[in-house]
């Protein structure tokens, strides 16, 4: 589930300063937002290539991280270009609907294309950052950016606990699936409910045990960062 | 476990209510996320600025809680946050063929007061952007506003209203879940509409378009989540 | 019979957790088959492949001569043939009352409720926990919970049951009861595949063994064959059962179980 | 020395989980003390009383002659003397990088950071996990996490360390390493209290034993004394270690460990 995290610890530039990586990310984002279109495209290709090289990730797996988001980008593009107009000539693929036409607005096409390109370039840059910077280093960036201490402490703990919950989630989900708990829509809703309830119980069980463990470690109210 | 339940009876009750809120604020994370790079810089900044006061208020509340008499409140906050994050990966099928993911942000709202969730919400969004590759860093402010500010406030208001009108608990939950969800998506649609107005109909027409697009995924999802909420509520209560 | 043909599995395209494994499980009428290997040797990955939770990267699995199909229907068929009980009972018991939990799979399969009741009762009595039927789970001991978890799978009526570390967390008494339970299941016609770090338990319980290491089958055979090579076991972070040790080092005969040893040796004295 | 005087504990004022226990732990220079008992016999409750997580319903605990104070300061003092490692490693690791988590307790003690680094490195190398120093916790194996959890307590340098089921989930190799580790801790001057269901492990590792049942101490003594009574162990759902069994039933001498048995018997042959 959290395969990105694993790559973040094993890439070629894991030891670079996280602040430098954050600055490079910012640079990439600025390039994605600047107006020259070919430069965006160049950044997209270059950063994607670099990412695959430094993380040693297979091209197929790299692409797989885009599957989930491309539908949403497309959906937004459709939202931008589809319009209703009385003039047939302003539209691509017009469909007559009563007295007006529904279709894609010609004037919006370049804008939609630019938005899609900008979006993809920015996503590629953020992936580069996420895949080369372990979350522990991101905490250092947050610290350097003077985020409040208590927020960083909670973030740090949350990062650790997420893996405990993911484990529990996987185990419960798998056990349900093997007992046919997800074989229909109704069963899926029901089983998801049980799963959520069981995870919720984990919050309490873990809290109880962790309280004891904190005492054993002489915890005094502060997590050092 | 049972020992724990008995010992923490009051605390458990508190948690149980919080949990129900969690599912009652089914911010549909992935479908509702505005992707990285989709908003122009000035709008990114605008939404960061708009969300900032809520965030700062959240931090203030968080400090209060940490300094209150809840033992190890930081651990509790982080456990709730991790729970919310993992719940957000619970897959529900949606009409678009891909999967939408409900996520709750409400647990902390009731446990620790309304403000805290804006901080925990930011952290969850950060994890989603960096560990799951969903959403984005530049659009974090905009997503924060729709999901952890508007959604919870509307959901909370609906819940309060239903309870005041003595609507049955399960129906209240159902409505609360749906309205929290819908208000989030209305906000997101609005955020996109002002950036990408329709060439013929302007912002208003664009809003209708984006609402229409999201409605396709959101209506069945909201119903599924409403059901889930009621089921989990019954499971927690029957224990 | 379960047959693996050149089965390989890798999580990330880099390291092969299972590397070209070919074997036939349950040939020659073996009833309790043991998989041994150190932590991380690939046992769990293999088990998850066997129940269709993971799809082999290459190679295939045949059940009674038919290749497994990874369609929804195919998987459903597979899971009615092979059930699995995981190590952690708490993560596979979903209801608070024993009988409700055991009935979970049957409800999902839309079995009529009289039939469900009958089958649940039958399984519970086979596992000697009929008295727990109406009990809340949270007051059960570790051994009892383990039985409930097993009941939840057994009720499906699958031919094979995979048990992952069935003795973990049990006290010595629970361990002995688990051994007896497995024997009883086998007598009822059930076939078992298990993995455990408890060498003595494995030795006394299984009748055929596979030693898994570095994603490959390093050795297979009956007790004598597999536990004979102390060096190989050591290399794989395992150990010989004490019955084998006293056979090899003290020159005593090799006994199949403690009971046998003491029964026979007592006669001698 | 840890002394319990008429210690009783009850969660709900009805059932006494611990019932008027009086004993002196660590008298006569015992270094590794084992508590045995079936699931639910009260071992965990006793351990939680020893580290001040639970306050005795009646009776008291004395550490080196001084009664435990249940003020914040008193408890802190107690926990610097007695550390505890729980069974589930995940619930006692709070940082995502090994060295950060091990350093946690030292930060809480306000130890200066160069000193912290030194002590963390020392502990990690003693536990043979120095190579894991910079590793993220989430990708470690169960056995490695266990070591990190132990390191996090060891680093405090407390006189006593309580280990609850230290071998659960470990493969035979991990089990042997745990045994060696405990020996190492003892050589460093630390004293260990442990509980485990693994009788063979207990037998070889501990030098003094308490048998807990129904909230009372049913028996105490060294190996010979405690494991001698097969009947009593059975009644408490426990078992004899195999070294004791072959001594009693085959008439071999009673050896302290496997190594000893085989070393001596080899000489004979």
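Residues are listed down the side, and each one gets a yes or a no for (1) within 14 Å of chain B (Cβ to nearest Cβ); (2) at positive phi; (3) loosely packed, with under 13 Cβ neighbours inside 10 Å; (4) at pLDDT 80 or above:
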{"site": "A:15", "(1), (2), (3), (4)": "no, no, yes, yes"}
{"site": "A:47", "(1), (2), (3), (4)": "yes, no, no, yes"}
{"site": "A:52", "(1), (2), (3), (4)": "no, no, no, yes"}
{"site": "A:61", "(1), (2), (3), (4)": "yes, no, no, yes"}
{"site": "A:72", "(1), (2), (3), (4)": "yes, no, no, no"}
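Kindly check whether there is at least one residue in region A:111-133 that is free of Cβ contacts under 8 Å to residues at least 24 places away in the same chain and crowded, with 17+ Cβ neighbours inside 10 Å.
First, pick out the residues of region A:111-133 that are free of Cβ contacts under 8 Å to residues at least 24 places away in the same chain: A:113.
Of the ones still in play, those that are also crowded, with 17+ Cβ neighbours inside 10 Å are none.
No; the residues of region A:111-133 include none that is free of Cβ contacts under 8 Å to residues at least 24 places away in the same chain and crowded, with 17+ Cβ neighbours inside 10 Å.
Among the candidates C:90, C:101, C:19, which residue alone is more than 14 Å from chain A (Cβ to nearest Cβ) and touching a residue at least 12 places away in the same chain (Cβ under 8 Å)?
Values: C:90 fails: more than 14 Å from chain A (Cβ to nearest Cβ); C:101 fails: more than 14 Å from chain A (Cβ to nearest Cβ).
Every option except C:19 fails the conditions.
A quick yes/no check of all residues on (1) farther than 18 Å from residue C:35 by Cβ; (2) within 14 Å of chain D (Cβ to nearest Cβ); (3) touching a residue at least 24 places away in the same chain (Cβ under 8 Å); (4) buried (at least 19 other Cβ atoms within 10 Å of the Cβ):
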| site | (1), (2), (3), (4) |
| --- | --- |
| C:137 | yes, no, yes, yes |
| C:141 | yes, yes, yes, no |
| C:153 | no, no, yes, yes |
| C:163 | no, no, yes, yes |
| C:172 | yes, yes, no, yes |
| C:182 | no, no, yes, yes |
| C:185 | no, no, yes, yes |
| C:190 | no, no, yes, yes |
Residue B:147 being away from chain A (no Cβ under 14 Å), buried (at least 24 other Cβ atoms within 10 Å of the Cβ) and at pLDDT 80 or above = yes
Select from region A:184-224 the residues that are at pLDDT below 85, more than 10 Å from chain B (Cβ to nearest Cβ) and touching a helix residue (DSSP H, G or I) at 6+ places or on another chain (Cβ under 8 Å) and list them in ascending order.
-> none
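Please count how many residues of region C:230-252 are farther than 17 Å from residue D:262 by Cβ and outside any helix (DSSP H, G or I).
Within region C:230-252, the subset farther than 17 Å from residue D:262 by Cβ is C:232, C:235-238.
Right, trim to outside any helix (DSSP H, G or I) and you get C:236-238.
Residues that pass the stated criteria total 3.
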When (1) surrounded by fewer than 20 Cβ atoms within 10 Å (Cβ to Cβ); (2) over 24 Å from residue B:234 (Cβ atoms); (3) modelled with pLDDT under 90 are applied to residue C:131, the one that fails is (3)
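Residue under question is residue B:190, and the condition is that it be more than 11 Å from every other protein chain (Cβ to nearest Cβ), surrounded by fewer than 22 Cβ atoms within 10 Å (Cβ to Cβ) and free of Cβ contacts under 8 Å to residues at least 60 places away in the same chain; does it hold? Please lay out each step first, then the result.
Working: more than 11 Å from every other protein chain (Cβ to nearest Cβ): yes; surrounded by fewer than 22 Cβ atoms within 10 Å (Cβ to Cβ): yes; free of Cβ contacts under 8 Å to residues at least 60 places away in the same chain: yes.
It is true that residue B:190 is more than 11 Å from every other protein chain (Cβ to nearest Cβ), surrounded by fewer than 22 Cβ atoms within 10 Å (Cβ to Cβ) and free of Cβ contacts under 8 Å to residues at least 60 places away in the same chain.
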Expected single match for at pLDDT below 90 and over 23 Å from residue D:237 (Cβ atoms) among C:155, C:244, C:226, C:186 is C:244
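So that you can scan it fast, the table gives a plain yes or no per residue for (1) modelled with pLDDT of 85 or more; (2) facing chain A (nearest Cβ under 7 Å); (3) surrounded by fewer than 22 Cβ atoms within 10 Å (Cβ to Cβ); (4) outside any helix (DSSP H, G or I):
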site	(1), (2), (3), (4)
B:4	no, yes, yes, no
B:13	no, no, yes, no
B:18	no, no, yes, no
B:21	no, no, no, no
B:44	yes, no, no, no
B:51	yes, no, no, no
B:60	yes, no, yes, no
B:65	no, no, yes, no
B:70	no, no, yes, yes
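Say we look at region A:145-168 and pick out the residues that are touching a residue at least 60 places away in the same chain (Cβ under 8 Å) and facing chain B (nearest Cβ under 9 Å); which of these is surrounded by the fewest Cβ atoms within 10 Å (Cβ to Cβ)?
First, pick out the residues of region A:145-168 that are touching a residue at least 60 places away in the same chain (Cβ under 8 Å): A:149, A:152-153, A:156-157, A:162-163, A:166.
From what is left, the residues that are facing chain B (nearest Cβ under 9 Å) are A:153, A:156-157, A:162-163, A:166.
On the way: A:153: 20, A:156: 24, A:157: 23, A:162: 26, A:163: 20, A:166: 18.
The qualifying residue surrounded by the fewest Cβ atoms within 10 Å (Cβ to Cβ) is A:166.
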Qualifying residue in region B:112-130 (condition: in contact with a strand residue (DSSP E or B) (Cβ under 8 Å, 6 or more places away or on another chain), modelled with pLDDT under 80 and crowded, with 23+ Cβ neighbours inside 10 Å) | no
Which condition breaks for residue D:262 when tested against (1) facing another protein chain (nearest Cβ under 10 Å); (2) in a helix (DSSP H, G or I); (3) under 18 Å from the mean Cα position of the chain (by Cα)?
-> (3)
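The values are calculated or read from the model by the stated rules, or taken from the named source; none is laboratory data. Every value quoted in this text rests on a predicted model; they were computed, and no experiment measured them. Cβ: placed from backbone, ideal geometry, glycine included. Neighbour counts: every protein chain shown.
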